[in-house]
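Have a look at the structure below, then the notes.
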């Protein structure tokens, strides 16, 4: 009886190992199959569309010029958005900034007077303020995209992303009025169909030796974020 019992245990162990081995072999094969079937044009369209529907996110944005090979930083900011409200903090044109945009009102901390300036923007749409740092997604809205190339796969904060490149025509009036020859690279979380990271480069219409670069990363997408007006009786945090 003990011999039969031992044989059963051996057979059961072998069966489990075979099943486990098959599963471990199946996962990478399935992952490879899924990635091989990704259409970069479809994934870009789906992710840009979904990004317009998200309610909240945080971001890190850096922008700058390259003029005759010399690099100049325009802005380095961290921001957060919740519905139509925005808060960003960092530096723009070598000047510290701490800006809130809430319900038509701009709260701008003046580091020289150490006071909050409160301004009625006259609009409920932050895009009309023509400050891309307040709405980084405005840089990644396209009128049309002729060709999208699949560059490969790269991780962003531990999430494997599909990296694509394209040269679209853009919707942003601010970008379109000053720049052309737009070149984008976009890291798409293809499982969630959202953009995790994106960069763009463009050439100045008046001076081809001047190039614009913008890089932005998105995180805490659709996570709870609360943005409230600052206490204007006190200095910045």
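Would you pick out the residues in region 37-68 that are surrounded by fewer than 17 Cβ atoms within 10 Å (Cβ to Cβ), in contact (Cβ under 8 Å) with a residue 60 or more places away in the chain and over 29 Å from residue 224 (Cα atoms)?
38, 41, 64, 65, 66, 67, 68
So if I check each of 80, 133, 114, which one is out of contact with any helix residue (DSSP H, G or I) (no Cβ under 6 Å at 6 or more places or on another chain), crowded, with 16+ Cβ neighbours inside 10 Å and modelled with pLDDT under 90?
Exactly one residue qualifies, and that residue is 133.
Spot the failing condition for residue 169; the list is (1) in contact with a helix residue (DSSP H, G or I) (Cβ under 9 Å, 6 or more places away or on another chain); (2) in contact (Cβ under 8 Å) with a residue 24 or more places away in the chain; (3) surrounded by 17 or more Cβ atoms within 10 Å (Cβ to Cβ), and only one is missed.
The one condition residue 169 does not meet is (3).
Collect the residues in region 224-237 that are under 18 Å from residue 79 (Cα atoms) and either surrounded by 12 or more Cβ atoms within 10 Å (Cβ to Cβ) or in contact with a helix residue (DSSP H, G or I) (Cβ under 8 Å, 6 or more places away or on another chain) (or both), keeping them in residue-number order.
Passing the criteria: 225, 227, 229, 230, 236.
Which condition does residue 121 not pass, out of (1) modelled with pLDDT of 90 or more; (2) surrounded by 12 or more Cβ atoms within 10 Å (Cβ to Cβ); (3) farther than 20 Å from residue 57 by Cα, if it passes all the others?
(1)
Tell me which residues, restricted to region 135-158, are in contact (Cβ under 8 Å) with a residue 40 or more places away in the chain, under 14 Å from the mean Cα position of the chain (by Cα) and farther than 17 Å from residue 49 by Cβ.
Residues satisfying the conditions are 156, 157.
Tell me, yes or no, whether region 54-75 has at least one residue that is within 18 Å of the chain's Cα centre (by Cα), modelled with pLDDT of 95 or more and either over 23 Å from residue 184 (Cβ atoms) or not in a strand (DSSP E or B) (or both).
Yes - at least one qualifying residue is present in region 54-75.
Out of the residues in region 136-159 that are on the phi > 0 side of the Ramachandran plot and in contact with a strand residue (DSSP E or B) (Cβ under 8 Å, 6 or more places away or on another chain), which is surrounded by the fewest Cβ atoms within 10 Å (Cβ to Cβ)?
152
Quickly run through region 180-210 and pick out the residues that are surrounded by 20 or more Cβ atoms within 10 Å (Cβ to Cβ) and farther than 23 Å from residue 53 by Cβ.
Within region 180-210, 182, 202 qualify.
The values are calculated or read from the model by the stated rules, or taken from the named source; none is laboratory data. Remember, it's a predicted structure, so these values are computed and weren't measured experimentally. With ideal geometry, Cβ positions are generated from the backbone for all residues, glycine too; neighbour counts draw on all protein chains shown.
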